[in-house]
Amino acid sequence: MTRRWMYVVFIPIIVGSVAFLGYSSFMTTFNFDIWGLRSIVDSTYLVAREKAKRIEQKIIDSDNAILNLVDMENLEDLRERWAALSGVSHAVDSVFIIDENGSVIFSVSDYTDGDFERLSSMFQDVVVPQLELKNGRTQTLRHYHFKYEGKYYLISYKSRKYEEEWYTVCLNYNLDLIVSDFLPELFSDLGPDKICNMVDTEGNLIYGSRIKEAGEFIVGWKIPSTLYEWRIQIAPTKASFFEATSRKKHLYDSITVLIAFGVLFLAIGMIIYMAEQERRLAVLKEEFITNVSHELRTPLGIIQLYNEMLALGKVKEPEKEKKYIQIIAREGERLGALLDTILDFARSEKGKMSYDHIVGDVTPSVIEAIENSRTKFEQENIQIEVKVGEGIPPVKHDPHAITLMVMNLLDNAIKYAEGTDKVVVEIGKMDDMVAISVIDWGPGIPKSEQKHIFERFYRGKDARKKHRRGTGIGLSLVKSIVESHGGIIKLISPIDDSGRGTRFTIMLKACLTSS
Ligand code: ADP
């Protein structure tokens with residue numbers, strides 16, 4: 001229950017806190033980036049605004065200069081002086097004066113003949129109806145910026161009173177000249193770190209070249225009241241670089257955060273897994289202690305009981321007396337064997353198991369194990385059969401350790417292979433290995449348990465349920481001894497189509513001498 005609470009409450013809290021920390025640190029760096037980039041954009045805005053203001057000022061100055069020269073009393077004089085006036089503002093190429101009814105009463109222009117006629121009729125038909133005149137007049141300076149037949153025009157106009165009548169003076173700008181002369185001059189001080197152009201509301205290029213891949217770094221500024229159909233665009237020269245860098249950085253930051261989360265979840269997974277393993281081991285250890293106590297107490301109890309009967313002279317028949325002495329001896333042997341196994345296990349756990357290796361045939365050690373177990377087989381009415389193959393090569397081994405391993409496997413065969421009457425021990429050669437197999441025809445080992453049975457303290461479900469004597473260290477000890485001999489232990493269960501039987505095979509490397 002407590003463990004479950006730990007999983008349910010603490011892990012979500014840890015994951016949530018780390019997620020929050022990760023998110024906020026990601027957002028902080030992200031905002032820092034944005035602020036850094038925004039300052040670049042802001043400085044570009046200032047430049048664009050200043051340029052727009054200068055264009056506007058330049059036009060209004062020209063307007064005022066020309067308008068001051070228009071003297072309603074002396075219009076013919078203006079016509080005569082027109083050529084010389086281009087010094088004042090050569091950007092204005094024509095002047096039209098209309099009366100309150102919109103009729104042109106005077107005009108002067110740089111254009112000649114056909115061109116002037118075209119301009120005049122366009123002025124009359126297209127421009128005049130569009131001028132913002134109230135009662136045929138305007139007392140403030142106004143501008144009309146428009147596109148006609150693919151070409152942009154700018155008209156500045158202001159009305160004045162002459163002899164009780166209102167007249168509006170309209171100035172036509174030569175925008176080609178503004179684009180070709182004035183704009184290059186205006187942008188000449190921009191410096192190498194910025195690029196600019198001028199586009200119309202549809203994005204058509206008016207001046208300069210296209211600004212590519214600058215994305216959010218392009219700053220646009222409309223010219224407020226004169227050339228209001230146009231927009232200045234400025235971008236930092238390295239905009240594409242900033243754009244790519246910031247995109248890369250965002251990607252990098254996102255990947256880093258994802259990796260951090262991956263590692264976090266992996267770590268949590270590992271902690272849970274290790275805690276689970278620890279818990280399992282603790283349970284197994286507890287069971288082990290109970291099993292060992294039980295395993296020690298049972299033979300001790302039997303020994304005490306029979307010993308008492310003998311000591312008190314309660315057993316009269318010599319036959320029975322002999323039998324009881326045999327039981328005491330057998331249980332003593334069992335106790336000794338159990339203690340040996342526990343001590344060997346403790347040594348192997350500490351890595352302190354010592355071996356006296358010889359190079360030779362393993363058969364005598366296997367036979368000794370069978371002989372040591374023979375009484376148990378007889379008691380359980382189980383036949384033991386030994387099959388020794390031809391030409392068993394020598395093996396580097398500790399004879400005592402081999403006997404111990406085989407005895408453990410035989411002991412298990414007797415314990416678990418109930419309902420059978422035969423156990424076979426095979427010694428044979430397999431490629432460059434010597435194989436010692438112990439085979440029984442018992443119920444076998446369930447697949448789900450097979451990966452656990454070599455673990456320390458592990459006992460099968462059936463063994464626990466049926467209270468089979470045992471401590472769960474036998475096979476783990478066998479495995480550890482086999483591995484110290486450089487060998488492996490294999491398990492096959494079931495051994496045939498009947499779905500029953502178990503075959504444990506210890507495989508040890510043969511010492512082959514080339515002839
Ligand atoms: P123990 O025999 O003391 O329980 P072992 O390590 O020797 O411990 O064996 C571990 C488990 O493997 C046993 O509890 C049993 O479930 C299973 N086992 C071992 N040998 C056999 C066998 N020959 N047949 C069926 N089950 C076996």
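The values are calculated or read from the model by the stated rules, or taken from the named source; none is laboratory data. No experiment lies behind these values; they were computed from the predicted model shown. Don't worry about glycine lacking a Cβ; one is built from the backbone with ideal geometry, like all the others, and counts go over all protein chains shown. All accessible areas refer to the heavy atoms of the entire protein, side chains included, with ligands and DNA or RNA removed. Shrake-Rupley method; radii C 1.70, N 1.55, O 1.52, S 1.80 Å.
Summary of values
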quantity: Filter pass, Gly428 being in contact (Cβ under 8 Å) with a residue 24 or more places away in the chain, assigned to a strand (DSSP E or B), open to solvent by 10 Å² or more (accessible area, probe 1.4 Å) and not basic (Lys, Arg); calculated: yes
quantity: Qualifying residue in region 468-483 (condition: surrounded by fewer than 17 Cβ atoms within 10 Å (Cβ to Cβ), within 10 Å of the ligand (Cβ to nearest atom), in the same structural domain as Gly391 (by TED's automatic domain parsing) and at pLDDT below 95); calculated: yes
quantity: Total residues in region 189-205, condition of a type outside the set (Asp, Glu), in a loop (DSSP other than H, G, I, E, B) and at pLDDT below 90; calculated: 4
quantity: Boolean, Val70 is of a type in the set (Val, Ile, Thr), in contact with a strand residue (DSSP E or B) (Cβ under 7 Å, 6 or more places away or on another chain) and at pLDDT 80 or above; calculated: yes
quantity: Flag if Asp398 is open to solvent by less than 20 Å² (accessible area, probe 1.4 Å) and either in contact (Cβ under 8 Å) with a residue 12 or more places away in the chain or among the β-branched types (Val, Ile, Thr) (or both); calculated: yes
quantity: Filter result (closer than 16 Å to Ala417 by Cβ and under 40 Å from the mean Cα position of the chain (by Cα)) within region 431-449; calculated: Pro446, Glu449
quantity: Residue list for region 311-336, filter: in contact with a helix residue (DSSP H, G or I) (Cβ under 6 Å, 6 or more places away or on another chain) and assigned to a helix (DSSP H, G or I); calculated: Tyr324, Ile327, Ile328, Glu331, Arg334, Leu335
quantity: Test set (1) hydrophobic (A, V, I, L, M, F, W, C); (2) over 28 Å from the mean Cα position of the chain (by Cα); (3) at pLDDT 70 or above - Met1 fails condition number; calculated: (3)
quantity: Selection within region 369-395 - hydroxyl-bearing (Ser, Thr, Tyr) and either open to solvent by less than 60 Å² (accessible area, probe 1.4 Å) or within 16 Å of the ligand (Cβ to nearest atom) (or both); calculated: Ser373
quantity: Residue satisfying condition, being at pLDDT 90 or above and of a type in the set (Phe, Trp, Tyr), within set Tyr111, Tyr144; calculated: Tyr144
quantity: Residue count, region 415-447 (criterion: closer than 19 Å to Arg464 by Cα, more than 7 Å from the ligand (Cβ to nearest atom) and at pLDDT 95 or above); calculated: 2
quantity: Every pair of residues 6+ apart whose Cβ atoms lie under 8 Å, when the first sits in region 256-285 and is more than 29 Å from Ile453 (Cβ to Cβ) while the second is open to solvent by 60 Å² or more (accessible area, probe 1.4 Å); calculated: Val257/Tyr23; Ile268/Ile14
quantity: Elements of type strands (runs of 3 or more DSSP E) contained in region 61-179, each with 2 or more residues being open to solvent by 50 Å² or more (accessible area, probe 1.4 Å); calculated: 104-109, 142-148, 151-162
quantity: One residue from Gly487, Gly460 being open to solvent by less than 20 Å² (accessible area, probe 1.4 Å) and within 6 Å of the ligand (Cβ to nearest atom); calculated: Gly460
